[in-house]
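Down below is the structure, laid out as structure tokens.
The values are calculated or read from the model by the stated rules, or taken from the named source; none is laboratory data. Remember, it's a predicted structure, so these values are computed and weren't measured experimentally. Positions of Cβ are backbone-derived with ideal geometry, glycine not excepted, and every protein chain shown enters the neighbour counts.
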Amino acid sequence: MTTPPHVRIIIWLWLITAIVVGRLEWLNRLPGPALPGLIVVLTGLVLTCYLKARGFRAWIDGLDLRALVLLHVTRFVGVYFLLLYNRGELPYAFAVPGGWGDITVATLALLVCVLPMKAPTRVHAVTIWNVIGFVDILMVVVTAARLGFEDIRQLRALTYLPLSLLPTFLVPLIIATHVMLFLRLSKKAVAP
């Protein structure tokens with residue numbers, strides 16, 4: 001299923017805005033609680049579009065489940081978290097559990113998508129993966145919020161490019177796709 005042109009335009013404008021915000025380091029000027037707040041607001045906007053915009057919802061619901069899962073391969077960013085921890089640029093409490101969790105979820109996403117499975121088995125595998133991935137991303141966001149409240153300087157690497165794209169673009173999409181998958185999987189008839 002092809003992406004509707006208006007959806008492409010909105011996603012590109014959002015991504016370009018996130019890049020500009022990161023390039024200008026605007027997130028660095030915000031207080032600690034603002035980053036998780038930004039994630040909540042952006043996630044809420046995506047989910048509101050999904051729930052209220054019939055065309056957008058039809059497009060998302062028409063996608064193969066694997067298309068939504070494959071977005072999560074971007075969570076191999078966890079490797080970069082570990083590298084930044086080794087450089088002393090991210091704290092252990094965020095980088096190591098979050099890094100390994102994201103690496104695990106990204107690896108499982110690939111396996112769920114590429115291993116040959118019958119439709120009911122794939123739906124079951126996606127359901128298990130979705131629970132694991134959702135818990136992981138919530139733990140990462142909660143940890144970032146806690147550390148941001150303590151001292152936002154611990155998370156300075158998340159306020160400029162490339163990691164500024166996480167709170168301004170990628171994490172809201174990741175959380176939203178988990179919720180969309182839960183909603184799709186809860187329907188009686190799920191098309192794989």
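A few notes on this one:
- Condition check for Y80: among the aromatic types (F, W, Y), over 14 Å from the mean Cα position of the chain (by Cα), within 30 Å of P120 (Cα to Cα) and in a helix (DSSP H, G or I): no
- Checking every residue in segment 44-53 against the condition of being assigned to a helix (DSSP H, G or I), hydroxyl-bearing (S, T, Y) and closer than 13 Å to L170 by Cα gives zero matches.
- Checking A53 against (1) over 19 Å from the mean Cα position of the chain (by Cα); (2) small (G, A, S); (3) modelled with pLDDT of 95 or more, the condition it does not meet: (3)
- Any hit, segment 27-39, residues being more than 18 Å from the chain's Cα centre (by Cα), without any contact (Cβ under 8 Å) to a residue 12 or more places away in the chain and assigned to a helix (DSSP H, G or I): yes
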